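Below: one structure, written as structure tokens.
All of the numbers you see were taken from the coordinates with simple rules; none came from a lab. These figures come from a predicted structure and were not determined experimentally. Glycine also receives a Cβ, built like all others from the backbone with ideal geometry; neighbour counts cover every protein chain displayed.
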Amino acid sequence: MNNWQETLLRGESPIADAVVRVDTYGIALVVDEAGLLLGTITDSDIRRGQLLHLAMSEPCSKIMNAHPRVSNHGQPPAHARELMRRHTLFHIPIVDEAGCLTGMARIDEPWAARAEDQWIVLMAGGRGQRLRPLTVDTPKPMLKVGDKPLLESIIGNLCEQGFRRFYIAVNYKAEVVKDYFRDGADWGVEIRYLEETSEMGTAGALTLVPESQQQRLVVMNGDLLTKVNLHHMLNYHAEHKSEATMGVREYDFQVPFGVVNLEGHRIVGIDEKPVQRFMVNAGIYVVEPELIAAIPRGQPSDMTTLFERAIADGQTTSVFPIREYWLDVGRLDDFERAQTDFRKVFS
């Protein structure tokens, strides 16, 4: 990689600077004043920092991988490529005997080819009760945000990332969705339909995926306006060797009163209008076929039940913190906000 110097940061540099480099180059390299490699930062490191509620002003040394894999200066390029292939890395620093950075190797992951083989299930069967009267004649994913249906924006964004194969789960006003998208040819994609005869829940709809297609699936609610990078989510899922990964979003709630802290009857402190932070389900998932095969047939089942069952069975589950734009268009005020945000974020 010829421009590897542009990825460099000091340990005291803010996380915000690391975000810019990772979004531009895929990695940030942390060095000291002598050029000694102190660590690396990738998209996954930034997202793990989110789980710790680290502010963008915090030093990037708090999220860096202080023990990265490296290739030694003078080794043939094939050595670096083999390390990246073996450990599913896209970049690897090259250092001299003293550990000082001398370069960086990069392998271009064939994301487009991999994305073309990945099936994405979009959930579009709900009744959208909280959006009535807008959804009396139109299913929620087909409501227009900007100049196009919400579901079309979702498919368009995923097309830009290279994804081409979609299942759409339909039930309420199914013909509206099917008549609009048909087989997807107008968008250069393949669309098949999972037709629910009754409401089956998000997980229950996955049982309609033909057995021949029972592979790892990306599942996404059809009422989301988001720029989430699914490549990063799939990499994160693989990196953590998860059977199921749930996209999550930080949600802040400010208590509108002073919270009194007690020990028995004694007041030991007062927090004035504290802010509580939670990680909430963002409606985007990656699920391995073994979990899909275990979903009960012929009865409603939701994704929270799937995760609870996986946890009870000792399966590995992970959360993927979403740092990109994300909005659940579930209520009338969300729908109004989506109209404003669409012009800013998607124009």
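Details
- Percentage relative contact order, region 112-345, counting C-alpha pairs under 8 Å, at least six apart: 24
- Taking the chain as the region of interest, the number of lysine pairs whose Cα atoms are within less than 23 Å, with members eight or more places apart or on different chains, is 14.
- The long axis of helix 230-239 is offset from the longest Cα principal axis of the chain by roughly 60 degrees.
- Highest-first arrangement of 308-319, 325-336, where packing means the average Cβ count within 10 Å: 325-336, 308-319
- Taking amide H as placed 1.01 Å from N in the peptide plane, residue 173 has no amide H partner under 5 Å among residues 5 or more places away or on another chain.
- Charged-residue dipole, Cβ positions (Lys, Arg, Asp, Glu), region 4-106 about Cα centre, Debye nearest 20: 460
- Adding -39500 (n - 2.57) for every DSSP H run of four residues or longer, then dividing by how many residues the chain holds, sets the calculated 222 nm ellipticity at -8500 deg cm²/dmol.
- Each Cα pair under 8 Å and six or more residues apart adds its separation to the average, and for region 1-159 the resulting relative contact order is 16 percent.
- Packing here is the average count of other Cβ atoms within 10 Å per residue, and on that basis the peptides 263-276, 135-148, 290-303, highest first, run 135-148, 290-303, 263-276.
- Rounded to the nearest 20 debye, dipole of region 24-168 from Cβ charges on Lys, Arg, Asp, Glu: 880
- Farthest toward positive dipole pole in region 4-106 [+1 Lys/Arg, -1 Asp/Glu at C-beta], among 28, 61, 51: 51
- Degrees separating the helix 150-160 axis from the principal Cα axis of the chain, which is the longest one: 30
- Charged side chains reduced to their Cβ positions (Lys and Arg at +1, Asp and Glu at -1) give the chain a dipole of some 320 debye around its Cα centre.
- Ranked 177, 31, criterion: other C-beta atoms within 10 Å, fewest first: 31, 177
- With Cα atoms, 0 to 90° folded angle of helix 332-345 axis to the chain main axis: 40
- Ascending count of other beta-carbon atoms within 10 Å, so fewest first, for 48, 86: 86, 48
- For residue 121, distant residues with modelled amide H under 5 Å away: 167, 218, 219, 220
- DSSP-defined beta bridges in the chain - what % are antiparallel, rounded to 5: 60
- Ordering 94, 27 by the number of other Cβ atoms within 10 Å of each residue's own Cβ, fewest first, gives 94, 27.
- Since only 9, 135, 329 are under comparison, the one whose Cα sits farthest along the positive direction of the charge dipole of the chain, derived from C-beta charges on Lys, Arg, Asp and Glu, is 135.
- Annotation note: GluC sites (Glu not before Pro) in region 183-246 located in DSSP loop regions with a Cβ neighbour count of at most 14 within 10 Å are 199.
- Measuring between their Cα centroids, region 1-77 and region 250-314 lie 31 Å from each other.
- Of the residues 264, 176, 83, the one whose Cα sits farthest towards the positive end of the charge dipole of the chain is 176 (charges of +1 on Lys and Arg Cβ, -1 on Asp and Glu Cβ, taken about the Cα centre).
- Coil-residue GluC sites (Glu not before Pro) of region 1-96, DSSP, other Cβ within 10 Å capped at 16: 12, 33
- If both residues of a DSSP beta bridge must be in region 4-106, then about 75% of such bridges are antiparallel.
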